[in-house]
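This report concerns only the one structure given below.
Every number in this text was worked out from the coordinates using simple rules, so none of it is lab data. Just so it is clear, the structure is predicted and the values come from calculations on it, not from any experiment. Positions of Cβ are generated from backbone atoms using ideal geometry, with glycine treated the same way; all protein chains shown enter the neighbour counts.
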Amino acid sequence: AQKITQTQPGMFVQEKEAVTLDCTYDTSDPSYGLFWYKQPSSGEMIFLIYQGSYDQQNATEGRYSLNFQKARKSANLVISASQLGDSAMYFCAMRDNAGGTSYGKLTFGQGTILTVHP
Amino acid sequence: DTGVSQDPRHKITKRGQNVTFRCDPISEHNRLYWYRQTLGQGPEFLTYFQNEAQLEKSRLLSDRFSAERPKGSFSTLEIQRTEQGDSAMYLCASSSGGSNQPQHFGDGTRLSIL
């Protein structure tokens, strides 16, 4: 069964600094996708970035980038130039094919609470 | 661009009552998912629809839970004979086809059982 581990319950960063949120995963499927979502205190889940297992390059989306190390099964989110509005819960999630029978459901990690200090 | 809409945002009910939640996905999305999220945890998958067909259900989905998507558009999730342990945020998400397409989530329905 697939599993996502986020080992940092909470992280603090100074405004305008960069921060890395860790995510490791476990799957036996060679084809999978990794997603990061942001959940502010208001509750909505906001999609940030996607990395496919066969992608040759690390994904980037504006201030978000993904440090994808396939051999180590890690997919860490890097947020550059942190802003106060980045304070939220961040979830790493994985979709795998489960041998061709999965319909795209996501398995989520426990989340990391990021606090950005002014 | 209209996002995923869920109704109600909050539901408070007494133990033993039935509740029903509604989800309106993004109009062109044929895939619809329900998740449950308890405090301090990540969302957990409940069930999946492709168009009107319910193709996958989690073991979390007990017999008291039922979900429908009658015309392949909106979906409903009903919980019968609610229990204290049903208190959670119920999230709906939709996506288009394609393995790299993200799921877009609604704001959720927060259920509180008295």
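About the Cα centre, and with charges only on the beta carbon of Lys, Arg (+1) and Asp, Glu (-1), how big is the dipole of the protein assembly as shown? Nearest 20 debye, please.
480 debye
Which percent, nearest 5, of DSSP beta bridges in the protein assembly as shown are antiparallel?
Here the antiparallel bridges make up roughly 90 percent for the protein assembly as shown.
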Distance between the range A:1-21 and the range B:35-114 - C-alpha centres, whole angstrom:
26 Å
Expressed as a whole percent, how much of the Cα-Cα distance distribution for the range A:1-48 exceeds 11 Å?
78 percent
To check my understanding: the extent here is largest minus smallest coordinate of the Cα atoms along each principal axis. What are those three numbers for chain B, in Å, largest first?
40, 25, 22
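Restricting to chain A, compute how many DSSP beta bridges are antiparallel as a %, nearest 5.
For chain A, the DSSP antiparallel bridge percentage is about 85.
Take every residue in peptide B:29-42, count the Cβ atoms of other chains within 10 Å of its Cβ, and give the average of those counts.
3
Where Rh is the Kirkwood radius over the Cα pairs of the protein assembly as shown, the temperature 4 °C and the viscosity 1.567 mPa s, what D in µm²/s does Stokes-Einstein return? Could the numbers behind the result be given before it?
Values: Rh = 18.2 Å.
Here the translational diffusion coefficient equals 71 µm²/s.
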Tally Lys/Arg at +1 and Asp/Glu at -1 over every other residue whose Cβ is under 14 Å from the Cβ of A:Pro30; what's the total?
-1
Determine, for each peptide in B:31-43, A:8-20, the mean count of other beta carbons within 10 angstrom over its residues, then list the peptides with the highest first.
B:31-43, A:8-20
If you project the alpha carbons of the range A:1-107 onto the principal axes, what extent comes out on each, in Å, largest first?
43, 29, 23
What average count of beta carbons from other chains do you get within 10 Å of the Cβ of residues in A:41-50?
5
Radius ratio Rg over Rh of the range B:62-101, counting only Cα atoms, Kirkwood formula for Rh:
1.07
Multiplying the sequence separation of A:Gln56 and A:Lys3 by 0.36 nm and subtracting their Cα-Cα distance, what value in nm do you get?
16.8 nm
